[in-house]
Amino acid sequence: MSTEEHHRILLAAQGYCELAMFEDALNQLAGLPLEEQQHASTVEMRLIVLMQAKRWKDALAAGRRLTQIAPEKNTGYIHSAFCLHELGQTEAARSLLLSGPESLHHEPVFHYNLACYECVLGHLEEARQHLERSVQLDKKFRDYAKTDPDLKPLWNE
């Protein structure tokens, strides 16, 4: 399969996902040759589709696969941790993020998600520190924090 054809299928899957046609998106990806299905870009798209569909266990498996085949892609760690959190495994989500590559520490979403996990776990001082760092890196996280139920204990601050 050509690179252009692979890219076209990824775009089709993305389009279906944006329309909340998750099974159609997954079918696009499943139609790729097996070798192409294991490509990092395909696994990442599958992960995104599964997360949008709120299929947390399947998404977690895809996220873990992404961290194996492309450990330099921070999205595998961030999304896998989020899936764990959605599955009620917030301590495991926190541990996974903290075990990821050093490059994660430069991402605002890393600090934002850690703030959420720390807050849910009752570690409010750590949550504040990570939230402050996420806002330093990207101001939009201040607005997200105002309505994120995970951060409710910090809303009055």
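Computed from the coordinates by the stated procedures, all read-outs in this text should not be read as laboratory data. As the structure is a prediction and not an experimental result, all values here were calculated from the model. Glycine gets a Cβ as well: all are built from the backbone with ideal geometry, and neighbour counts include every protein chain shown.
For this structure, a couple of remarks:
- Computed E for Gln68/His105 - FRET, C-beta separation, R0 22 angstrom, nearest 0.05: 0.55
- Å³ per residue enclosed by the Cα convex hull of segment 107-157: 58 Å³
- Most mobile of Glu86, Glu72, Glu35 in a GNM of the chain (Cα contacts under 10 Å): Glu35
- P(r) weight above 17 Å for segment 64-157, C-alpha pairs, percent: 46 percent
- Principal-axis tilt of helix 56-69 within the chain, Cα atoms, nearest 10 degrees: 80 degrees
- Degrees, to the nearest 10: 40-52 long Cα axis against longest axis of the chain: 60 degrees
- Rounded tilt (10° steps) of 74-86 against the dominant C-alpha axis of the chain: 70 degrees
- Mean ellipticity per residue at 222 nm, deg cm²/dmol - from DSSP H runs of n ≥ 4 across the chain, formula -39500 (n - 2.57): -21500 deg cm²/dmol
- Cα centroid separation - segment 1-75 against segment 127-157, whole Å: 30 Å
- Partners for Lys57 among aspartates and glutamates (Cα-Cα distance below 14 Å; same-chain residues under 8 apart left out): Glu86
- With the simple spin-label model, which puts each label point 7 Å out from Cα in the Cβ direction, the Gln14 to Ser95 separation comes to 3.5 nm.
- Values of log10 I(q)/I(0), in the order q = 0.21 Å⁻¹, for segment 1-87 under a Debye, Cα-only, solvent-free model: -0.94
- Ranked by the mean number of other Cβ atoms within 10 Å of their residues, highest first, the peptides 95-104, 139-148 fall in the order 95-104, 139-148.
- Highest-fluctuation residue, Asn27, Asn113, Asn74 considered, GNM on the chain with Cα pairs under 10 Å: Asn27
- Cα point-scatterer Debye curve for the chain, base-10 log of I(q)/I(0) at q = 0.08, 0.11, 0.16, 0.17 Å⁻¹: -0.26, -0.47, -0.90, -0.98
- Among the trypsin sites (Lys or Arg not before Pro) in segment 1-92, those located in a DSSP loop and surrounded by at most 11 other Cβ atoms within 10 Å of their own Cβ are Lys54.
- Gain in span if fully extended, Trp155 to Met21, counting 0.36 nm per residue against the direct Cα distance: 44.7 nm
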